[in-house]
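Student: First, the structure itself, so that you have it in front of you.
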Amino acid sequence: MNTTAIRATGLSKEFKGQHGSTVRAVDGIDLSIDAGEVVAFLGPNGAGKTTTIDMILGLSEPTSGSVEVFGRPATETASTGRVAAVTQTGGLLADYTVEEMVRVVASIFASGAPDREIPDVADAMARANITGIADRKVSKCSGGEQQRLKFALALLPDPDLIVLDEPTAGMDVESRRAFWAAMRADAGQGRTVLFATHYLEEADDFADRIVMIAHGKVVADGSADSIRAQASGRTVSAIIDDADLDTVRVAVPTLTDITRRGGRAYLTCADSDALARYLLANTGARDLEITAHNLEDAFVALTSDASDPSDSAEPFEAFERN
Ligand SMILES: Nc1ncnc2c1ncn2[C@@H]1O[C@H](COP(=O)(O)OP(=O)(O)OP(=O)(O)O)[C@@H](O)[C@H]1O
C-alpha cells in the first residue's frame with residue numbers, strides 16, 4: 001500500500017495586495033502525492049508555486065484548506081526532520097569551505113536530535129557530488145556548486161521528503177546538468193521529491209509526474225505524455241488528396257485543425273486513433289504518422305486557458321539542452 005507523503009485539500013492562500021486589494025496566490029489546490037514519487041510543480045512566474053511550497057514546508061499557514069505531510073499538519077511535520085528543503089537563496093556561510101559547511105550543519109543536526117542517527121557527512125557530500133570541491137571556500141563556488149552544497153545539507157537528516165524551489169534558476173547549462181545528475185543518482189531510493197521549475201524539459205526529464213500550476217490552480221496533473229495529450233490531442237499527418245480531405249472534414253467532427261505542408265496534411269483531433277482508422281478505411285491516405293504535441297504546446301494551451309487577462313505572467317522559459 002502506498003503511503004501518502006503530501007495531501008492538500010482546498011489549499012488556498014491570500015495576501016494583502018496594493019490599495020487594500022487581495023491577491024489569491026493559491027486558489028483551492030487539491031493534491032495527493034505518494035511517498036517515493038518525483039513530482040515537478042511547473043508553472044509561469046507568479047503561478048503560486050513558492051507559496052504552495054512554503055505551506056508544504058510549514059513556513060506559512062493556509063488562509064483556508066489544509067496541507068498534511070506524512071499524515072500530520074505540515075507545520076508539525078516540519079520539526080521532525082523528515083522534510084528538507086533546497087531554496088534558491090541564502091543559507092550558506094561564505095567564509096567556510098564546502099566540507100566545513102557540511103560538518104557544521106551535521107553537528108547541529110546531531111546535537112539537536114540525539115535520538116536520530118548521526119548524519120553521514122561523507123555520504124551526503126558524495127551523493128551531492130561535492131567531494132571534489134570539499135576544500136573550496138563557499139564564496140568561490142559557482143551558483144550550481146552552491147546549490148549542490150545545499151542539496152548535500154538537505155540530505156544530512158536523510159529526509160523522507162525533499163522539496164526544491166527552482167533549484168537550478170539562473171544556472172548555466174553545465175551546472176544544471178551536474179545538479180540533476182546528482183539528484184538523479186539519489187532518486188529511486190524511496191525518497192519523495194517535489195521540485196518547482198519554469199523549465200519544461202527539466203520537468204519532462206526528471207519528474208515521474210508533472211503538476212502544472214497557473215493562477216494558483218492546478219491546470220493539469222499527470223505524466224509528461226498524458227499532459228501533452230490532454231492539452232490538445234495529437235496530430236495525424238498523411239499524404240492525402242484534397243477530395244479525401246473534404247470527406248474527412250465532414251465525417252470527423254472532432255477535427256480541430258488541418259494544415260498542409262510539403263505534400264502532407266496535418267490533422268489535429270482529440271481522438272487520433274479514430275481519425276487514423278477513418279483515414280485508412282475510407283480514404284486513399286497513406287504514410288500515416290501520429291505525433292504527440294510537445295510539452296511547450298501543452299503548457300501554453302493549459303496555462304492560457306486558466307489565464308486572467310489582467311495578468312501578464314511570462315509563459316515559460318525554454319531549457320537549453322546543449
Ligand atoms: N508576501 C506576499 N505578499 C503579497 N503577494 C504575494 C506574496 N507572496 C507572493 N505573492 C503573490 O502571489 C502570487 C504567487 O506568487 P508565488 O511566488 O507563489 O509564485 P511562483 O509560481 O513561485 O512564481 P515564481 O516562479 O516567479 O517564483 C504572485 O502574484 C505574487 O506576487
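Student: Relative to the longest principal Cα axis of the chain, at what angle does helix 242-251 sit, 0 to 90 degrees, rounded to 10?
Tutor: With rounding to tens, the tilt is 70 degrees.
Student: Let me ask something additional. Looking only at Arg191, Arg209, Arg72, which one moves most when the chain is put into a Gaussian network model with springs between Cα atoms under 10 Å?
Tutor: Result for the chain, Cα springs under 10 Å: Arg72 fluctuates most.
Student: Ok, one more. Relative to the longest principal Cα axis of the chain, at what angle does helix 295-305 sit, 0 to 90 degrees, rounded to 10?
Tutor: The helix 295-305 is inclined about 90 degrees to the chain.
Student: Can you tell me which of Pro253, Pro62, Pro167 moves the most in a GNM of the chain? Springs connect C-alpha atoms under 10 Å apart.
Tutor: Highest fluctuation of the listed residues: Pro253.
Student: Order the peptides 42-53, 18-29 from the highest to the lowest mean number of other Cβ atoms within 10 Å of their residues. Write out the running numbers ahead of the final one.
Tutor: Values: 42-53: 23.3, 18-29: 14.2.
Going from most to least packed, we get 42-53, 18-29.
Student: Quick one: order Lys137, Lys13 by neighbouring beta-carbon count within 10 Å, fewest to most. Display every interim value, and only then the final one.
Tutor: Details: Lys137 15, Lys13 22.
By the 10 Å Cβ count, ascending, the order reads Lys137, Lys13.
Student: Also: Output the 0 to 90 degree angle, nearest 10, between the alpha-carbon long axis of helix 143-155 and the longest principal axis computed from the alpha carbons of the chain.
Tutor: So the inclination is approximately 70 degrees.
Student: Here's a follow-up. To make sure I understand the rule: partners must be lysines, Cα under 21 Å from the Cα of Lys49, and not fewer than 8 residues away in the same chain. Which ones qualify?
Tutor: Of all the lysines, those that pass the test against Lys49 - Cα under 21 Å, at least 8 places apart if same chain - are Lys13, Lys16, Lys150, Lys217.
Student: If I stretch the segment between Ile118 and Glu14 completely, what's the gain in nm (0.36 nm per residue apart, minus their alpha carbon distance), one decimal? The partial results should precede the final answer.
Tutor: Working: separation 104, 0.36 × 104 = 37.44 nm, distance 3.98 nm.
Taking 0.36 nm per residue and subtracting the Cα distance, the gain is 33.5 nm.
Student: State, to one decimal in nm², a quarter of the convex hull surface area for the C-alpha atoms of the chain, i.e. the direction-averaged projected area.
Tutor: Working: hull surface 84.1 nm².
Computing the convex hull of the Cα atoms and averaging its projections yields 21.0 nm².
Student: Among Val67, Tyr278, Ile213, which residue has its Cα positioned farthest towards the positive end of the charge dipole of the chain, with +1 placed on the Cβ of Lys and Arg, -1 on the Cβ of Asp and Glu, and the dipole taken about the Cα centre?
Tutor: Going by the Cα projections, it comes out as Val67.
Student: With Kirkwood's inverse mean 1/r over C-alpha pairs for Rh, give me the Rg to Rh ratio of the stretch 97-216, two decimals please.
Tutor: Values: Rg = 14.9 Å, Rh = 15.1 Å.
Reported Rg/Rh (Cα atoms, Kirkwood Rh): 0.98.
Student: So what is the calculated 222 nm ellipticity per residue for the chain, using -39500 (n - 2.57) for each DSSP H run with n of 4 or more, over all residues, to the nearest 500 deg cm²/dmol?
Tutor: Numbers: 11 runs with 109 residues, N = 322.
Helices in the chain give a 222 nm mean residue ellipticity of -10000 deg cm²/dmol.
Student: If you don't mind, there's one more thing I want to ask. Take the alpha-carbon positions of the stretch 234-292, form their convex hull, and give its projected area averaged over all directions (one quarter of the hull surface) in nm². Present the calculation step by step, with values, prior to reporting the outcome.
Tutor: Values: hull surface 13.5 nm².
Directional mean of the projected Cα hull area for the stretch 234-292 stands at 3.4 nm².
Only the coordinates and a few stated rules stand behind these numbers; no lab work does. Worth saying up front: this structure is predicted, and the values here are computed from it rather than measured. Glycine also receives a Cβ, built like all others from the backbone with ideal geometry; neighbour counts cover every protein chain displayed.
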